[in-house]
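S.K.: My questions all concern the structure below.
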Amino acid sequence: MDSLHDLPPLRDVITRHDLSARKSLGQNFLLDLNLTSKIARQAGDLSKTDVIEIGPGPGGLTRGLLLSGARRVLAIEKDARCLPALAEIENAVPDRLHVIEGDALQIDPLEHLTPPIAVVANLPYNVGTELLVRWLTPKVWPPFWQSLTLMFQREVAERIVARPGSKAYGRLSILAQWRCDAKIVMHLPAEAFTPPPKVTSSVVHIRALPSPRFEANQKILERVVAAAFNQRRKMMRASLKSICPKIEDHLHNAGILPTDRAEVVSLEKFCALAQSLEQSKKN
Ligand code: SAM
C-alpha cells in the first residue's frame, strides 16, 4: 500500500477492524472522502501547516486532510480499536501522519508540531466544548494555533457565531469573537454520518486575530461573562452583584443599563465593563 488513493473504502475498513460505533466516545463517522476533503478545504491552504486532528476514528477526515495537501497531521485518538486502521494510512504517507493514542484533554501535542499550526476535527460531542474553551482561553495571545476548523452540533456552532439579541448569544460567542473571526462554513445533515446522530451538524471556521478586538483583562472578562450568562434571565445589576458591590457604577461606566440582560450587551460593552472593574482594583 503506497498511496492514499490505494487505501480501501472506509466502510470496508470499519468492517475489517470491527469498528462498531460507541456512543460513549461520541462516535459518528464520516465515510465519504469527497465530503471529508471538502471539510478539510474549509481550513484553507494547509500545505505549509501542521494540523492537529482530535478523534480521527477510522480516518475519514484524516485522509481528507492528507488528500487536500496538509503538510503533516498529528492525530490524537482515545479508542485503541482505531489504531490499526490509522496505521494503514500512516504507511501510505510516510512522515506525514503521526497518531497518538490517548485522551485529547490530557495530551499536550505541541512538542510534536512545527508552526504554523491549525486544528481540524470532527469533535466528539462530549468533549468538544471543553476543548474549544481551552483553545480560546490560552495564557498568551496569539495562541499556538492559527485557525480552528471544527464540527459541532449545529446548536453549538450557532452559539459560537451568535450576535447580541439572539437566544444563542452567550459565553461561547464572547470568548470566540473577542479575539477571533468565527463563521459557520458548512451544514451537514445527520445522514452524512454513520451512525446518524439526532441533530444537524455544522463546521465552524475560527481564525485567531493578532490581538483582541477590544482591550480587557482576560480573567476579569471571563469571570464577568460567566456570571452574566449563568443567570441570563436576570438583570445585569443582579447577576453581577457577587462580582462587586458597586457593580452599578461599573455598568454605568461601560454604558450598560443596570436593567439590561446579558443577551443584549455587546462584546465591546462587556470589555468596557471588565476594564472599569480592573481600573477600580488598581485604585
Ligand atoms: N474523525 C472521525 C470522522 O470524522 O469520521 C471520527 C469523529 S467521531 C465524531 C469522534 C472521535 O473522537 C471518535 O473516533 C472517538 O473515539 C474520538 N474521541 C472521543 N473522545 C476522545 C478524547 N477524549 N480524546 C481523543 N479522541 C476522542
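S.K.: If I filter segment 27-42 down to residues being within 14 Å of the ligand (Cβ to nearest atom) and either assigned to a loop (DSSP other than H, G, I, E, B) or basic (Lys, Arg) (or both), which single residue comes out as least open to solvent (accessible area, probe 1.4 Å)?
M.R.: In this case the residue turns out to be 27.
Matching residues to (1) open to solvent by 10 Å² or more (accessible area, probe 1.4 Å); (2) free of Cβ contacts under 8 Å to residues at least 60 places away in the same chain; (3) polar (S, T, N, Q):
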{"residue": "127", "(1), (2), (3)": "yes, no, no"}
{"residue": "133", "(1), (2), (3)": "yes, yes, no"}
{"residue": "138", "(1), (2), (3)": "yes, yes, no"}
{"residue": "141", "(1), (2), (3)": "yes, no, no"}
{"residue": "149", "(1), (2), (3)": "no, no, yes"}
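S.K.: Could you tell me which numbered condition residue 89 fails, if it satisfies all but one of (1) near the ligand (Cβ under 10 Å from one of its atoms); (2) touching a helix residue (DSSP H, G or I) at 6+ places or on another chain (Cβ under 9 Å); (3) assigned to a helix (DSSP H, G or I)?
M.R.: With respect to (1) near the ligand (Cβ under 10 Å from one of its atoms); (2) touching a helix residue (DSSP H, G or I) at 6+ places or on another chain (Cβ under 9 Å); (3) assigned to a helix (DSSP H, G or I), residue 89 is out only on (1).
S.K.: Consider segment 47-71. How many of its residues are touching a residue at least 60 places away in the same chain (Cβ under 8 Å) and over 19 Å from residue 123 (Cα atoms)?
M.R.: Result for segment 47-71: 3.
S.K.: Which residue out of 74, 66, 19, 110 is part of a helix (DSSP H, G or I), under 28 Å from residue 191 (Cα atoms) and either of a type in the set (A, V, I, L, M, F, W, C) or open to solvent by less than 60 Å² (accessible area, probe 1.4 Å) (or both)?
M.R.: Checking each option against the conditions leaves just 66.
S.K.: Is one or more of the residues making up segment 100-112 within 14 Å of the ligand (Cβ to nearest atom), farther than 15 Å from residue 127 by Cβ and modelled with pLDDT under 95?
M.R.: For segment 100-112, residues within 14 Å of the ligand (Cβ to nearest atom), farther than 15 Å from residue 127 by Cβ and modelled with pLDDT under 95: present.
S.K.: In segment 160-170, how many residues are of a type in the set (Lys, Arg) and surrounded by 20 or more Cβ atoms within 10 Å (Cβ to Cβ)?
M.R.: 0
The values are calculated or read from the model by the stated rules, or taken from the named source; none is laboratory data. All values derive from a computational prediction rather than experimental measurement. Neighbour counts are summed over all protein chains in view; Cβ atoms, including those assigned to glycine, are modelled from backbone coordinates with ideal geometry. Ligands, DNA and RNA are excluded from the accessible area calculation, which covers all protein heavy atoms including side chains. Shrake-Rupley method; radii C 1.70, N 1.55, O 1.52, S 1.80 Å.
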